[in-house]
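Data first, discussion second: the structure below is written as structure tokens.
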Amino acid sequence: QDEEKWDFVLVSDIHEVGSEKEIKRKKFLDELSKKGFTIKKIEEKKLFYGVRAPKQIFRKYQWLLRNPDSRLQNPDVHHDVPVTTRIRIVNFILQNTTTPDLEKLDDLIKKKVFEAAFPLHEKEEVREFLKEKWARWRDIFSQQPIEKIRCYFGEKVALYFAWLGWYTYLLGIAAVVGLVVFVAGITVFNSSQVSKEICEASNTIMCPLCDQKCPFWLLSDTCTYAKVTHMIDNEGTVLFAMFMAIWATVFLELWKRQRATVVTNWDLYRWDEEEEELAMELINNLQHEPQQYQHSYFCSTIILLLVLVMIAVLIGIAHALVIYRVIATALFSQSNSEFLREQANTMAVMTGAVLHYITIVIMTKVNRRVALYLCDLEKPRTFSQRENNFTVKIFTFQFFTNFSSLIYIAFFLGRINGHPGNYVRIAGKWRLEECHPSGCITDLFIQMAIIMLLKQTISNVMEYLVPWIAHKLHKKQQRPKNRRGGEEEEAEDPCKRQWLSNYQLNKVNVFSLFDEFLEMVIQYSFTTIFVAAFPLAPLLAFCNNLFEIRLDAIKMMRLRRRMVPRKTNDIGIWLQVLEAIGILAVIGNGLVIAITSDFIPMQVYKYTYSPCMTENSTDVDCLTGYINHSLSIFRIQDFEPYTKPGLAPTELCCRYRDYRNADDYSYTVQFWHIFAARLAFLILFEHVALCVKLIAAWYVPDVPQSVKNQFLERKHNNLRKELRWVMPQKV
């Protein structure tokens, strides 16, 4: 039965005899035959070539990479090579076999000589176990069989699922804390003094929100909005942001321990990728010379400049979204519908968020092309080096695609728009948006909520439906052709059905696993960087990941061809990316609390200007009078001449959110006081959070003591064996 196991299948169209494609195909197959490969051909509307490598190849591999600890043992003892290793070696040889025309398999696939090359999903015990116990929706809360995943898909896929499982497990803790903070906000917000003052401010007249036809409005009209804002913007959020900064560190430190334990069990802790690669090169071609490491400063500079140009384009797209929101606000506020007029700002933010999601979907595809092109310019030495370079570039692009609009809303919205009578305008016409009197954090909350919900619902549904529909269509196209062939032929050849069913599955590409990682790392960024504005982010991410694990499992087991297993002992450069996000999370949350949130102005008022401080009255709430204190006065006669606000109120003044003098509109002392407090808080928060992160990183060792002791014992035993070997010879 072992003789009928095929390592790889090559698929080709049936070309005319003597045509260029047919000659190229024959040359490639001849090269494989020279290396001792067994090739079997089946014709069924396409040509299928089964490829089996000679045992000699695997013996060479075992001998070259035998465990140094076992070098003293009998060299003739052959253990069977695991299936994942077989596939990996055969894939390497197929990819690096060169025809006399100096063409490799990749070149031949580009020239349509071959259509596909893939390893087979075998009907083995491990596969059936994974199909039944792992790749099913009903197992959503079950433990993952990481060991079995490794036996079938190799170490790289197994480590991805181990990491994803661990991340989801710890997200559960963050989700619970986030939910508690959110629920506490809901229970507190009705009793908040600030929202009470906004709801009772029925005679505070606010300046119009746009230039033409916009009415003056009462502050009490936005009572609900204010309550929602204080549901998010309270003291609990500050503590939660601090908690998430520590959580991100602890998560990574605990993952390093988990990974050390897992790879030690696999005997891969000290595995050397370079040695593995050189061994495979030599097995494939004994005359092979290793490619040297190279570095060109000129090339690096060019790539850096191109990356900066791409980032500038992505920031430009964020500016375009800002302009859209400005124009949308102006159009909605002049609409005939009363609802649109009243909710102009919220509608502009919500439609802007949907538009942002669409740009994310489109730019993801563009970013990939650009990152691949830049990788080709660099000419990396190995596959893993290429993957690392690609990872850093595409993550940088995706980060700006996803976050540049959020960064604008968090830190610039309402801070660069001037003041009544002297607004900053786009093209001298449209006014920049303003924040709501109760703060900017709600705009950030809406944007985050919409993007996270759309990303997790639409993207996941598409991720499952597209391969599922493609698989069904592929099957349908093939089915009638099978029937015509008659049953006898199928009985003759058991391989045909297996090869066809594997061919009908969806293609996998080199970056299939990479895509899953990227999606999770972007989600991790959303969960940590702006969590102060959206305490529900960890909960959404947790629910999403429970489905994501099974979704990925079903795709790999049922809808896609088998992945080429890859050997590795960590998650690669993703760890550095996650650590960078951890530091960005501290900076991001510090900035959100210091700049976006009203936490600092409230504290400054409470401890400097409030009735508690000035009148020493303890029976009133210390935030009494905060809203009146945070609004400046504007004289209606000072409006720009072409501004046509709605009906003027009987008073000659309106209020707006800022700290400016009533006579010359310059900043008041309070503005500078709050500005200093914001800076002081930012520096304090970031230093404290980074110190706590460093302490947490020191407190939790990267490698568990049990793993260290295991290596210590192993070294000791090996040295003792060596001594036994030497002692009798001396005598």
Magnitude of the Cβ-charge dipole of the stretch 180-270, K/R +1 and D/E -1, about the Cα centre, nearest 20 debye?
-> 500 debye
Hey, rough spin-label estimate for Phe141 and Lys21, points 7 angstrom out along Cα→Cβ, what's it come to in nanometres?
-> 5.4 nm
Value of [θ]222 nm, deg cm²/dmol, for the chain, DSSP H segments ≥ 4, -39500 (n - 2.57) each, nearest 500 | -21000 deg cm²/dmol
Residue order for Phe251, Phe599, Phe141 - accessible surface, 1.4 angstrom probe, largest first = Phe141, Phe599, Phe251
Amide H to amide H under 5 Å from Phe8: which residues, 5+ apart in sequence or cross-chain, H placed 1.01 Å off N in plane?
-> Val51
The alpha-carbon pair-distance distribution computed for the chain, with 20 angstrom bins and whole-percent values, is 14, 40, 28, 15, 4, 0
Counting only residues 5 or more places away or on other chains, whose amide H sits under 5 Å from the amide H of Leu218 once H atoms are built in the peptide plane?
-> Met206
What is the gain in length, in nm to one decimal, between Leu377 and Arg724 on full extension, counting 0.36 nm per residue of separation less the C-alpha to C-alpha distance?
-> 119.5 nm
What do you reckon, how do Arg127, Arg550, Arg150 stack up by accessible area (1.4 Å probe), largest on top?
-> Arg150, Arg127, Arg550
Taking the convex hull of the Cα atoms, report for the stretch 8-120 its projected area averaged over all directions, in nm².
-> 8.0 nm²
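Tell me the chymotrypsin sites (Phe, Trp or Tyr not before Pro) within the stretch 279-311 that lie in a loop according to DSSP and have at most 16 other beta-carbon atoms within 10 Å. Display every interim value, and only then the final one.
On the way: sites: Tyr293, Tyr297, Phe298; in loops: Tyr293.
Answer in residue order: Tyr293.
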Of Ile587, Ala541, Ile327, whose Cα points farthest to the positive end of the dipole of the chain (charges on the beta-carbon: +1 Lys, Arg; -1 Asp, Glu; origin at the Cα centre)?
-> Ala541
Helix 574-591 axis, angle to the chain major axis (alpha carbon atoms, nearest 10°) | 0 degrees
Treating only the Cβ atoms of Lys and Arg (+1) and Asp and Glu (-1) as charged, compute the dipole magnitude of the stretch 8-120 about its Cα centre; round to the nearest 20 debye.
-> 240 debye
When the Karplus curve 6.51 cos²θ - 1.76 cosθ + 1.60 is applied with θ = phi - 60°, which whole-Hz ³J(HN,Hα) does each residue of the stretch 18-30 get, with x for Gly and Pro?
-> x, 6, 4, 5, 5, 5, 4, 4, 4, 4, 5, 5, 5
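Which whole-number percent gives the relative contact order of the chain, counting Cα pairs below 8 Å spaced six or more residues apart? Kindly include the intermediate steps, with their values, before the conclusion.
Details: 858 pairs, mean separation 156.4, N = 731.
21 percent.
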Expected vector for the stretch 217-223, Karplus 3J(HN,Hα) from phi with 6.51, -1.76, 1.60 and θ = phi - 60°, integer Hz, x for Gly and Pro, equals 9, 8, 4, 5, 4, 9, 4
Lys/Arg +1, Asp/Glu -1 at C-beta; the stretch 249-302 dipole; positive extreme among Tyr293, Ile283, Leu252 = Leu252
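Stretched out fully, how many nm does the piece from Lys606 to Ile246 gain, at 0.36 nm a residue minus the Cα gap? Spell out each step's value before the answer.
On the way: separation 360, 0.36 × 360 = 129.60 nm, distance 2.85 nm.
Separation in residues times 0.36 nm, less the Cα-Cα distance, equals 126.7 nm.
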Residue among Tyr642, Trp672, Phe711 farthest towards the positive dipole end of the stretch 600-731, charges placed on Cβ | Phe711
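Report Rg(Cα)/(2.2 N^0.38 Å) for the stretch 593-635, keeping two decimals. Working shown, then result.
On the way: Rg = 11.5 Å, N = 43, 2.2 N^0.38 = 9.2 Å.
Compactness ratio reported: 1.25.
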What is the stretch 8-120's relative contact order, in percent, from Cα pairs under 8 angstrom and six or more apart in sequence?
-> 43 percent
In debye, nearest 20: dipole of the chain around its Cα centre with unit charges on the Cβ of K, R (+) and D, E (-)?
-> 2300 debye
Tell me, what ³J(HN,Hα) does each residue in the stretch 532-541 have, in order and in whole Hz, if you take phi through Karplus 6.51 cos²θ - 1.76 cosθ + 1.60 with θ = phi - 60° and put x for Gly and Pro?
-> 4, 8, 9, x, 7, 4, x, 5, 4, 5
Accessible carbon and sulfur surface of the chain relative to its total accessible area, %, 1.4 Å | 61 percent
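What accessible area per residue, rounded to a whole number of Å², is obtained for the chain using a probe radius of 1.4 Å? Display every interim value, and only then the final one.
Working: 36250 Å² over 731 residues.
The answer is 50 Å² per residue.
Round to the nearest 0.05 the FRET efficiency obtained for Lys133 and Ala470 when R0 = 22 Å and r is the Cβ-Cβ distance.
Numbers: r = 26 Å, r/R0 = 1.18.
Computed FRET efficiency for Lys133 and Ala470 comes out at 0.25.
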Sort by residue number and report every cysteine in the chain with no other cysteine beta carbon within a distance under 4.7 Å.
-> Cys151, Cys299, Cys375, Cys495, Cys543, Cys653, Cys691
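Where the convex hull is taken over the Cα atoms of the stretch 320-423, what is its projected area averaged over directions, in nm²?
8.7 nm²
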With all protein chains modelled, accessible area of Val180 [1.4 Å, Å²] = 90 Å²
Would you compute the Debye intensity of the stretch 167-247 from its alpha-carbon atoms alone, equal scatterers and no solvent, and pass along log10 I(q)/I(0) at q = 0.13, 0.14, 0.25 Å⁻¹ to two decimals?
-> -0.56, -0.61, -1.09
Which value in nm describes the separation of the simple spin-label points at Asp664 and Val510, placed 7 Å from the Cα toward the beta carbon?
-> 6.5 nm
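The values are calculated or read from the model by the stated rules, or taken from the named source; none is laboratory data. Since we're looking at a predicted model, the values are computed, not measured. As a convention, Cβ positions derive from the backbone with ideal geometry for all residues, glycine included, and neighbour counts pool all protein chains shown. Protein only, heavy atoms only, side chains kept; ligands, DNA and RNA dropped before computing areas. Shrake-Rupley method; radii C 1.70, N 1.55, O 1.52, S 1.80 Å.
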